Amino acid sequence: MILVLDTAPALAPAQPNTAKPTLAGRDRDGLRAALAAVGVPERQLRMRVNQLWGWIYVRGVTAFEQMSDVSKELRATLATAYSLDRLEIVEEQISVDGTRKWLLRLPIRGHEVRAPEIECVYIPEIDRGTLCISSQVGCTLTCSFCHTGTQKLVRNLEIEEIVGQILLARDRIGDWPGAVPPGDARLLPEGDRKITNIVLMGMGEPLYNFANVKAAMDVASDGEGLSVSKRRITLSTSGVVPEIPRWGAESGTMLAISLHAVRNDLRDELVPINKRYPIGELIAACRDYPGLSNARRITFEYVMLKGINDSLDDARALVRLLKNIPAKINLIPFNPWPGTRYECSEWEEIERFAAVINKAGYASPVRTPRGRDILAACGQLKSSSERLRAVDRPSQPANESGSGA
């Protein structure tokens, strides 16, 4: 079935002033450093950070003049040196099912000759709203079924660029106190909070940008700000084994594994990072994940590829592989993208596969494809950025695979 594309009206956001770095998206240390740089006395820094924190992350203000409990003098000083600019919207698309996709332009950094771009996606349901955010521009990994993996890595996102996706999404869907909802609010969740869940399943491998992703999720989960529970934040990794226990110990969020195969030879093809960290090592890291319990299960993502990984033998092998691991298994119908060689498994085959897993006692929901008409579904995110530079990531083999949504 062909879905009709519903594209939002043309947007003309104010161009970010590159001479003024934004404070929107910074963590507490970043705000403290910014305030100190404009001469705020040491004895006032904690109070001033708390003031800015509330205005930026509780009220969602976009101008310093809105900060009524901050002195006029300090507001003027801040406005001279900084901004509260959001990421620039290049394009916004709204699917017939309410899914929203934003193509966002980032500030030029370092030796970049053009502004890189990323995509993020908002998926509304009646009782929740999930924001899928990116952690890198492009991806250093090359999962053969993933559209994002066809775009080479440009660079890691900074803290404010990761958090900035959350702020931008809350602006666009009216998710701040007293905000006016957009005209198509019927497609939004019924509760007061429109973004209830955050998933690091967008462009890039988040564990290859560990420090910035960790700091950004600390901002997102701060109880005095955005207040997203860590139980509602999920990091998805293709299997950067050494960083998995560290992430669990330092972050406390939920974990998802882009598994997609139960044999090393097949996973080497689908998720080439498996050549460096094979299935046995990955599963061992999962068994040792800090805080793992029935209440904090690991989600294993398994894309259903026709004639590739969808046999009943594969289903039974998957059950054996995950034995005694508190887990949920998400079966993902493959979302075709231009140029792919894969096809989605037949629906009857997916149901038979799920039945084997359910019989073994695992929850195995079949993820409903969302936003297919705007290429916003799992595995389809890809911006128009070209390869510019790659920085701040561990050395890795050339043929590894990513966890892009």
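Which residues, taken from segment 244-285, are closer than 23 Å to S221 by Cα and surrounded by 18 or more Cβ atoms within 10 Å (Cβ to Cβ)? Please lay out each step first, then the result.
Quick first cut of segment 244-285, residues closer than 23 Å to S221 by Cα only: 244-257.
Residues satisfying the conditions are I244, W247, G248, S251, T253, M254, L255, A256, I257.
Please find, within segment 107-128, the residue that is surrounded by the fewest Cβ atoms within 10 Å (Cβ to Cβ) out of those that are over 13 Å from the mean Cα position of the chain (by Cα) and either at pLDDT 95 or above or of a type in the set (D, E) (or both). Can you show your working first?
Filtering segment 107-128 down to residues over 13 Å from the mean Cα position of the chain (by Cα) leaves 107-117, 124-128.
Filter once more, so that each one left must be either at pLDDT 95 or above or of a type in the set (D, E) (or both): 112, 117, 125, 127.
Working: E112: 16, E117: 23, E125: 16, D127: 9.
This residue is D127.
Yes/no matrix, rows are residues, columns are (1) among the polar types (S, T, N, Q); (2) over 28 Å from E243 (Cα atoms); (3) in contact with a Ser or Thr (Cβ under 9 Å, 6 or more places away or on another chain):
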residue	(1), (2), (3)
D288	no, no, no
T299	yes, no, yes
R316	no, yes, no
G361	no, yes, no
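Looking at L235, L255, L167, L200, which is the one that is in contact with a Gly (Cβ under 8 Å, 6 or more places away or on another chain), modelled with pLDDT of 95 or more and under 29 Å from I325 (Cα atoms)? Write out each step before concluding.
Values: L235 fails: in contact with a Gly (Cβ under 8 Å, 6 or more places away or on another chain); L167 fails: under 29 Å from I325 (Cα atoms); L200 fails: in contact with a Gly (Cβ under 8 Å, 6 or more places away or on another chain).
The conditions single out L255.
Pairs only if they're at least six apart or on different chains, beta carbon under 8 angstrom, first in segment 189-215 and free of Cβ contacts under 8 Å to residues at least 40 places away in the same chain and outside the structural domain of T140 (by TED's automatic domain parsing), second surrounded by fewer than 21 Cβ atoms within 10 Å (Cβ to Cβ) and of a type in the set (F, W, Y); list them, first residue then second.
none
Could you check how many residues of segment 47-74 are part of a loop (DSSP other than H, G, I, E, B), in contact (Cβ under 8 Å) with a residue 60 or more places away in the chain and over 21 Å from the mean Cα position of the chain (by Cα)? Walk me through it before giving the result.
In the first step, residues of segment 47-74 are kept if they are part of a loop (DSSP other than H, G, I, E, B); the result is 60-63, 67-71.
Now restrict to residues that are in contact (Cβ under 8 Å) with a residue 60 or more places away in the chain: 60, 62.
Keeping just the survivors that are over 21 Å from the mean Cα position of the chain (by Cα) gives 62.
Counting residues in segment 47-74 that are part of a loop (DSSP other than H, G, I, E, B), in contact (Cβ under 8 Å) with a residue 60 or more places away in the chain and over 21 Å from the mean Cα position of the chain (by Cα) gives 1.
I'd like the residue in segment 75-101 that is among the hydrophobic types (A, V, I, L, M, F, W, C), over 29 Å from V49 (Cβ atoms) and assigned to a strand (DSSP E or B) and, out of all such residues, is modelled with the highest pLDDT. Give the derivation first.
Just the residues of segment 75-101 that are among the hydrophobic types (A, V, I, L, M, F, W, C), to begin with: 76, 78-79, 81, 84, 87, 89-90, 94, 96.
With the extra rule that they be over 29 Å from V49 (Cβ atoms), the set shrinks to 90, 94, 96.
Now narrow it down to the ones that are assigned to a strand (DSSP E or B): 90, 94.
Values: V90: 94, I94: 89.
Restricting to residues being among the hydrophobic types (A, V, I, L, M, F, W, C), over 29 Å from V49 (Cβ atoms) and assigned to a strand (DSSP E or B), the top hit is V90.
As an exercise: evaluate G239 against (1) outside any loop (DSSP other than H, G, I, E, B); (2) farther than 24 Å from T62 by Cβ and give the number of the one condition it does not meet.
(1)
Looking at segment 68-90, which of its residues are exposed (fewer than 14 other Cβ atoms within 10 Å of the Cβ) and over 30 Å from E117 (Cβ atoms)?
S68, D69, S71, K72, E73, A76
Is segment 124-139 home to any residue that is in contact with a Gly (Cβ under 7 Å, 6 or more places away or on another chain), of a type in the set (K, R) and in contact (Cβ under 8 Å) with a residue 40 or more places away in the chain?
no
Only one of these is touching a residue at least 60 places away in the same chain (Cβ under 8 Å) and in the same structural domain as Q136 (by TED's automatic domain parsing): R267, R246, R263, R231. Name it. Give the steps one after another, and end with the answer.
Values: R267 fails: touching a residue at least 60 places away in the same chain (Cβ under 8 Å); R246 fails: touching a residue at least 60 places away in the same chain (Cβ under 8 Å); R263 fails: touching a residue at least 60 places away in the same chain (Cβ under 8 Å).
None of the others qualify; the one that does is R231.
The values are calculated or read from the model by the stated rules, or taken from the named source; none is laboratory data. Remember, it's a predicted structure, so these values are computed and weren't measured experimentally. Note: ideal-geometry Cβ built from the backbone for every residue, glycine included; neighbour counts use all protein chains shown.
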